[in-house]
Amino acid sequence: MKFVIAPDSFKGCMTAKQACAAIRDGLLRVFPDAEYVMVPMADGGEGTVRSLVDATHGRICSAQVLDPLQRETVAEYGILGNANDSGLTAIIEMSAASGIQFVDEHTRNPLVATTYGTGQLMKHALDDGVRTIILGVGGSATNDGGAGMAEALGVRFLDEHGNPIPRGGGFLDRLATVDASGLDPRIANTCILIASDVTNPLVGPTGASAVFGPQKGATPQMVTQLDNNLAHYAAVIKDQLGIDVAHTPGAGGAGGLGAGLLAFTQSMMRAGVDIVSSTVRLVERAEGADYCFTGEGGIDFQTKFGKTPMGVAKAVRERNPHIGVVAFAGHVGEGIDQLYDVGIDAVFGIVPGAMPLNEAIADGPRNLIRAAENVGRLIRLGRR
């Protein structure tokens, strides 16, 4: 028997690597002689750095950067351990420097929040010699179109008098000139993979400001101002650089960081779980496997829209269409029957009964071991 174990993290409970170990430990009680291939997974959101570093035996790095409100902080990023002919690869979560966790209901302000710290992390990665950057763009506190990120890499955003405009989406209406002559020359030779499942454009009713602005503290008046400012920003970029980012699908991700990356770097946008699957060579490692076990903290009807368990199921069936795919979850929500026709064969909740959330989280690894053992016993029963 060969089992591939490829879960995401169980948020607040287990890292993806710890979840791999728990599933394996449960199955070992039933199949002590089986082959186990453990592949920590993620979908580009929180936990992606740790999952990819663990999966490739890489290393965690830290750097002093500015947070969204331009306060000094220390943020982490990863250098993967599977260097190839293209050189080293870095994995960065933009939220590590520019995330919503840096602000609260009193300090959040998308008019002034900046992605400058994300650009600083990218620059640190370049200093490490990387030639590929995987950038997860979820969980931002910003709405600056990626201007802060680009400024940290050497782009200058000037007003009509030739002076730098202040950082933050609230000041983009002052933009008159984009001077990219000082852009870090290493960017031209660096492939940037934008890990995002967001398809929103930069501007308009489904754009960055209208859809995501309110959760970052934007009032209706601020949403209008930010959307108008991003439209002006996009117009200047199109006029002076010849790049149209206003309505590109995904450009609105992370408050428009997607737009900034597309405008100023050699980047391409892909679903986060697809990038992770490719990076850890999930398809190749699942070849010849009998079953794949995946999972994450919660599974429901939304899982089919690019969440890790769905991405894992699609990947492992690419060369092995008859592999059985089993998913574990701390919480099983509505609509999981929709998953059964698109690649996942069975979903199991790991919580044994009603209990307080903090207790369920504390007992998560033990519950996952028990659930995996029970599923293993079902598999063995079916093979008699």
Qualifying residue in the range 214-236 (condition: of a type in the set (Phe, Trp, Tyr), open to solvent by less than 30 Å² (accessible area, probe 1.4 Å) and in contact with a Gly (Cβ under 7 Å, 6 or more places away or on another chain)): yes
Out of all the residues in the range 339-362, is one or more surrounded by 15 or more Cβ atoms within 10 Å (Cβ to Cβ) and closer than 12 Å to CYS292 by Cβ? yes
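How many residues, within the range 156-177, are hydrophobic (A, V, I, L, M, F, W, C) and in contact with a helix residue (DSSP H, G or I) (Cβ under 6 Å, 6 or more places away or on another chain)?
The qualifying residues number 4.
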Given the conditions (1) at pLDDT 95 or above; (2) among the aliphatic types (A, V, I, L, M); (3) out of contact with any Ser or Thr (no Cβ under 6 Å at 6 or more places or on another chain), which single one is not true for VAL74? (3)
Hand me the list of strands (runs of 3 or more DSSP E) wholly inside the range 25-142 holding 1 or more residues that are within 30 Å of LEU381 (Cα to Cα). 35-38
Tell me, which residue of the range 286-310 that is more than 19 Å from ILE336 (Cα to Cα) and surrounded by 17 or more Cβ atoms within 10 Å (Cβ to Cβ) is nearest to the chain's Cα centre (by Cα)? ALA286
Does the range 60-70 contain at least one residue that is of a type outside the set (Lys, Arg), buried (at least 24 other Cβ atoms within 10 Å of the Cβ) and either over 30 Å from ASP173 (Cβ atoms) or not assigned by the TED database to the domain that holds GLY145 (or both)? no
Which one of the conditions (1) assigned to a strand (DSSP E or B); (2) modelled with pLDDT of 95 or more; (3) under 29 Å from ALA90 (Cα atoms) does MET268 fail to meet, given that it meets all the rest? (2)
For the range 323-341, does any single residue satisfy the condition of being modelled with pLDDT under 90 and either closer than 20 Å to ALA19 by Cβ or not in a helix (DSSP H, G or I) (or both)? yes
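The values are calculated or read from the model by the stated rules, or taken from the named source; none is laboratory data. Bear in mind that the values here come from a model prediction, so they are computed numbers and not experimental data. All Cβ positions, glycine included, derive from the backbone under ideal geometry; neighbour counts span all protein chains shown. With ligands, DNA and RNA removed, areas are computed over all heavy atoms of the protein, side chains included. Shrake-Rupley method; radii C 1.70, N 1.55, O 1.52, S 1.80 Å.
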